[in-house]
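Single-structure report; data block below.
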Amino acid sequence: MIKFEILESTDHDSIGEHTFIYPSIEIGVKPKSTLRVFDNSVATPIHLKSIGENKGIVITDIGSGFLCNSKKCFISTIVKPGDIIEIKDLKIKINEIKIDEKFPIDIKRLRKEITSYLQSHNPAQLEILAAIEEDLINLGIL
């Protein structure tokens, strides 16, 4: 489960608390996004994934990066409840991250699936995977 609050956005209708039971969500402007926000700050989607009890990872390939608790980040960072993510005009506060037994997470299996997909569809993006893996290794997950 992922619970967060949009504190600021040019899409005033999206401001407020949002809760998802899924272990992974996408916030973006596209219709396929889990949470569709009409804010150009997320023209490149943000991915938020549960990776442990009270631990998540934010992933985005916005070239200019983003802020997590006022610290500049690129590609990914580990988040926990209370953290504030800022991407241009969008400001998100992470409220809760839990692993739901309905959605067990097999990080190693997911890594293989993602690597296989990137190798066949977009090999240039493999460097993003390497950056994310560094965060997961630092958490002791990989």
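Between the residues GLY56, VAL29, ASN40, the greatest Cα displacement towards the positive end of the dipole of the range 1-91, with unit charges on the Cβ of Lys, Arg, Asp and Glu, is found for GLY56.
Here the 3J(HN,Hα) profile of the range 42-56, calculated from phi with Karplus coefficients 6.51, -1.76 and 1.60 at θ = phi - 60°, is 10, 4, 9, x, 9, 10, 10, 10, 6, 10, x, 5, 6, 9, x Hz, Gly and Pro shown as x.
Put simply, the amide H of VAL37, placed in the peptide plane, has neighbours under 5 Å in GLY28, VAL29, leaving out anything fewer than 5 places away on its chain. Considering every alpha-carbon pair of the range 2-97, the percent of pairs per 10 Å bin, from zero through the bin containing the longest distance, is 18, 58, 25, 0. Between THR34 and LYS88, the contour length at 0.36 nm per residue exceeds the alpha carbon distance by 17.4 nm. Applying both filters, DSSP loop and at most 14 other Cβ atoms within 10 Å, to the chymotrypsin sites (Phe, Trp or Tyr not before Pro) of the range 18-88 gives PHE38, PHE74.
Modelled label positions at ASN95 and ILE114, each set 7 Å beyond Cα in the direction of Cβ, lie 2.6 nm from each other.
Laboratory data are not the source of any read-out in this text; all were calculated from the coordinates shown. Nothing here was measured: the structure is a model prediction, and the numbers come from that model. Positions of Cβ are backbone-derived with ideal geometry, glycine not excepted, and every protein chain shown enters the neighbour counts.
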